[in-house]
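Read through the structure below, which is laid out as structure tokens, and then see the notes.
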Amino acid sequence: MKFRTVIEPFRIKSVERIRLTTEEERREFLHRAHYNPFLLHSDQVIIDLLTDSGTSAMSSEQWAGIMRGDESYAGASSWRRMEAAVHDLTGYPYVMPTHQGRAAEHLLYTRIGGKGKYFISNTHFDTTRANIEFSGATAIDCPIPEGRRPELVHPFKGNLDTQQLLTNIEKHGAENMAAVILTVTNNSGGGQPVSMENARAVSAICKKYGILFILDACRIAENAWFIKHREPGFREKTYRAIAQEMFSLADGCIFSAKKDALVNIGGFLALNNLELALQCRSVLIITEGYSTYGGLSGRDMEAIAIGLEEVFDADYLEYRIRSIGYLAEKLQEMGVPIMLPPGGHAVYVDAKAFYPHIPPEEYPGQALVCELYLKGGIRCCEIGSVMFGKYDEAGMLIPAQMELVRLAIPRRVYTQSHMDYVAETFSGLLEGRGAVAGFRITSEPPFLRHFTARFESLAEVCV
Ligand SMILES: *Cc1c(COP(=O)(O)O)cnc(C)c1O
């Protein structure tokens, strides 16, 4: 018998209570959080789709690894396991453990960045861009044009536009290119995959011009699923072999272990080049910790080593990608405008299309995020002009390319009924959507403003 239902390929051994709140309670919580769900308390949330980062459920094997963790300061066996796991997967000889992905970004991008330097990426993730800009360098996003159109179906919308890459190299000079960063899957661009063909093309250009090629690889297992199922020539290959092939095209990687390493904290930087690795390692020791633990405890490193194995399990990846597709299909059937096709870790709702009456200056994504919380207790994240908007010299908002709301699905945490509940919440939102008002920012920090900005509802301002 061939089953249509893709079940969660695990049993639940330990559970965590969800507190079921009322809409009335949530109205008060949201007001107190200044309409920024990042400022909510987690126990005020029913289904937390804010991020898939660090929110994975660990396996019983990983928890067993936690007990085995070797907490020696130098040369711990847990470090040797993690180093071997990373080396085996990536092929890069120099591995530096960090407390999370952005610490690895900081180590590398402050070394190779600085004023007058340029970085090109399919899309820089927010912490990536922040680290690059903090160093004084310029980060330029070059996704393929299809990647900017939410309604368009394309198998590899995460691809980098190689023509634009060449144009930028010509314009700014190869010697001023600090690195090309390929984000797989492309998180800020909708969780969309990058094809092997595109990675090969980017690799060839970087080799030709002598530019460092870095993979932002924290979802490379999920990316491998798309390559196996969508790109000719990969059907017979294992997910792991596909990932290994992609790593072999680059000079190194940044990896947030909070994604595909299935742990709650951790990351690493891995490089081919000894000289660059030594420079990064010096800063690692100053800012993170000694080179055999970075910012991590032995038990964290043990869990990462195990997670990097588990994530390539074919049954797990099938369930993982299917669970995103399941929610996406339900929303699409209802007429919710979503980014197509769905990506590997999240469903992205096109808030501009969902609330066409709210202009970008009034943050339609933030309006949707707040409504989802209010009506269903669902917490999610705006990826639009709140996250990426800038101001021109006159202080006017330069909006982001797209106004998206990301429903990120934590790994191995929620079941099908939780996703059904999310879909049901959307059906409620569809009914009253014409009456929903936008927002105004009342205070914001200079970097990564979406985490702490405070908002005021324009509906409340009117009355
Ligand atoms: C999460 C993430 C990072 C940063 O990693 P942290 O562990 O959150 O510091 C960098 N790049 C991408 C693509 C990410 O998704």
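The values are calculated or read from the model by the stated rules, or taken from the named source; none is laboratory data. On a predicted model such as this, the values are computed, not experimentally measured, just so you know. Counting neighbours? That spans all protein chains shown, and the Cβs are built from the backbone with ideal geometry, glycine included. Just so you know, the surface numbers come from the protein's heavy atoms only, side chains and all, with ligands and any DNA or RNA stripped out. Shrake-Rupley method; radii C 1.70, N 1.55, O 1.52, S 1.80 Å.
Output ³J(HN,Hα) for segment 426-437: one whole-Hz value per residue in order, computed from phi by the Karplus curve 6.51 cos²θ - 1.76 cosθ + 1.60 with θ = phi - 60°, and x for Gly and Pro.
4, 5, x, 5, 4, 5, x, 6, x, 8, 7, 9
How large is ³J(HN,Hα) for each residue in segment 32-49, as worked out from phi by the Karplus curve 6.51 cos²θ - 1.76 cosθ + 1.60 (θ = phi - 60°), to whole Hz, x for Gly and Pro?
Values, residue by residue: 5, 8, 6, 6, 10, x, 4, 8, 6, 7, 5, 6, 8, 10, 8, 10, 9, 10 Hz.
Using modelled backbone amide H atoms (1.01 Å from N, in-plane), which distant-in-sequence or interchain residues come within less than 5 Å of residue 117's amide H?
Placed amide hydrogens put 138 under 5 Å from residue 117.
With all protein chains present, calculate the accessible area of residue 316 using a 1.4 Å probe and round the result to the nearest 10 Å².
10
Using amide H atoms built in the peptide plane, which far-off residues or other-chain residues are under 5 Å from residue 401 H to H?
none
Which residues make up the longest stretch of the chain that has no trypsin sites (Lys or Arg not before Pro) in a DSSP loop with at most 11 other Cβ atoms within 10 Å? Intermediate results must be reported in sequence, preceding the final value.
Working: sites that count: 2, 4, 11, 13, 17, 19, 115, 235.
Answer from the scan: 236-463.
Consider all pairwise Cα distances in the chain and report the whole-number % of them above 39 Å.
Numbers: 20172 of 106953 pairs.
For the chain, the fraction of Cα-Cα distances above 39 Å is 19 percent.
Whole-Hz Karplus ³J(HN,Hα) for segment 314-320, in order, using 6.51 cos²θ - 1.76 cosθ + 1.60 and θ = phi - 60°, x for Gly and Pro?
So the Karplus estimates, Gly and Pro as x, are 4, 5, 4, 5, 4, 4, 4 Hz.
Can you give the local net charge around residue 350? Use residues other than it whose beta-carbon is closer than 14 angstrom to its beta-carbon, Lys and Arg +1, Asp and Glu -1.
Working: positive: 148, 149, 157, 352, 406, 433; negative: 151, 382, 403.
Local charge sum for residue 350: +3.
In straight Cα distance, which lysines are under 27 Å from residue 207, not counting same-chain residues fewer than 8 positions off?
Result set, ordered by chain and number: 115, 117, 157, 171, 228, 237.
How much accessible area per residue does the chain have, in Å², with a 1.4 Å probe? List each step's numbers first, then the result.
Values: 19440 Å² over 463 residues.
Dividing the accessible area of the chain by its residue count gives 42 Å².
To the nearest 10 square angstrom, how much accessible area does residue 203 have with a 1.4 angstrom probe?
Taking all protein chains as shown, residue 203 has close to 10 Å².
For residue 414, what accessible area in Å² do you get when you roll a 1.4 Å probe over the heavy atoms of the protein chains, rounding to the nearest 10?
The accessible area comes out at roughly 30 Å².
Going Cα to Cα from residue 375, which lysines come in below 26 Å? Please leave out same-chain ones fewer than 8 positions away.
Candidates past the 8-residue exclusion: 330, 352.
For the pair residue 290/residue 28, report the inter-label distance in nm, with labels modelled 7 Å from Cα in the Cβ direction.
Between residue 290 and residue 28, the label points sit 5.1 nm apart.
On the protein heavy atoms, probe 1.4 angstrom, tell me the percent of accessible surface of the chain carried by carbon and sulfur. Don't skip to the end; give the middle numbers.
Details: 10240 of 19440 Å².
About 53 percent, which is the carbon plus sulfur part of the accessible surface.
Based on Cβ point charges of +1 for Lys and Arg and -1 for Asp and Glu, what charge dipole magnitude is obtained for the chain about its Cα centre, in debye rounded to the nearest 20? Don't skip to the answer; put the middle values down first.
On the way: 48 positive and 56 negative charges, 116 e Å.
With only Lys, Arg, Asp and Glu charged at Cβ, the dipole is about 560 debye.
Filter the GluC sites (Glu not before Pro) in segment 4-53 to those in DSSP coil with at most 10 other Cβ atoms within 10 Å of their Cβ, and list the result. Don't jump to the answer; show the numbers that get you there.
Values: sites: 16, 23, 24, 25, 28; in loops: 16.
When the GluC sites (Glu not before Pro) of segment 4-53 are filtered for loop state and at most 10 Cβ neighbours within 10 Å, 16 remain.
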